[in-house]
Amino acid sequence: MDRLIRHRWIARGAWRSGSAFAVVPAAFLICPAVAAATQGHGGREGLYVHQLSHVFFCISMGILIYWLRTRNLTREPGWRYIGIGAMLFCLWSADAFIVHLLEEQTAIIDVQRIDNWRIRLEAVDGWGWVRPFYYLAKLDHLFCVPALIFFYMGLRRLMSDAAVSGETAS
């Protein structure tokens, strides 16, 4: 019955008249004037709170890993994927913490933007090894994206296992 009402509503043109309300915001999302993909931290206190959130998140993921292992849930594939995702999230958070520390809290490395695609990294004398380390650590998405994928795979597996066994998600 619900499906029949929805089809009648679409057939009468209600969807077409409402589509203008979806097209206008979509146009602003597709063609932005400024793409602010990075976020600055407002003053020292903003950076400290942000850094503490990385520590808290890493500890939280460590507790999740510990909880999964002590309850032997990692024997099930869904929980195993979530555990792997938690470990990658912990690595990502530690990596991001180190990058923020090098970039904004120490004077060891200086990052200068040359243009949109190039940067210049300069290190203090005796700290030249920090330049390649910083560059590699800045690729933190190599931890974060797989962590998201493993979490998704774990949740999807848990949902499919629950559907097979007849359990319902409440």
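What the table below lists for this structure:
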| read-out | value |
| --- | --- |
| Odd one out for Ala94, checked against (1) loosely packed, with under 11 Cβ neighbours inside 10 Å; (2) of a type outside the set (Val, Ile, Thr); (3) touching a Cys at 6+ places or on another chain (Cβ under 8 Å) | (1) |
| The listed residue being closer than 30 Å to Ala123 by Cβ and either touching a residue at least 24 places away in the same chain (Cβ under 8 Å) or part of a helix (DSSP H, G or I) (or both), out of Ser60, Ser53 | Ser53 |
| Given (1) part of a helix (DSSP H, G or I); (2) modelled with pLDDT under 95; (3) not small (Gly, Ala, Ser), number of the condition Leu155 does not satisfy | (2) |
| Qualifying residue in segment 42-61 (condition: among the β-branched types (Val, Ile, Thr) and modelled with pLDDT under 95) | yes |
| Ile82 being of a type in the set (A, V, I, L, M, F, W, C) and in contact with a Gly (Cβ under 7 Å, 6 or more places away or on another chain) | yes |
| Condition met for Gly154 (surrounded by 15 or more Cβ atoms within 10 Å (Cβ to Cβ) and more than 25 Å from Val49 (Cβ to Cβ)) | yes |
| Qualifying residue in segment 69-76 (condition: on the phi > 0 side of the Ramachandran plot and surrounded by fewer than 17 Cβ atoms within 10 Å (Cβ to Cβ)) | yes |
| Among (1) touching a residue at least 24 places away in the same chain (Cβ under 8 Å); (2) among the acidic types (Asp, Glu); (3) farther than 15 Å from Gly154 by Cα, the one test that Glu76 misses | (3) |
| Any pair with Cβ under 7 angstrom, 6 or more apart, that starts in segment 139-151 at a residue that is of a type in the set (A, V, I, L, M) and ends at one that is assigned to a helix (DSSP H, G or I) and surrounded by 14 or more Cβ atoms within 10 Å (Cβ to Cβ) | Ala147/Gly85; Ala147/Leu88; Ala147/Phe89; Ala147/Trp92 |
| Total residues in segment 139-151, condition crowded, with 16+ Cβ neighbours inside 10 Å and part of a helix (DSSP H, G or I) | 6 |
| Identity of the residue in segment 99-138, among the charged types (D, E, K, R) and outside any helix (DSSP H, G or I), that ends up surrounded by the most Cβ atoms within 10 Å (Cβ to Cβ) | Lys138 |
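The values are calculated or read from the model by the stated rules, or taken from the named source; none is laboratory data. Not measured: the values here are computed from a predicted model. Glycine also receives a Cβ, built like all others from the backbone with ideal geometry; neighbour counts cover every protein chain displayed.
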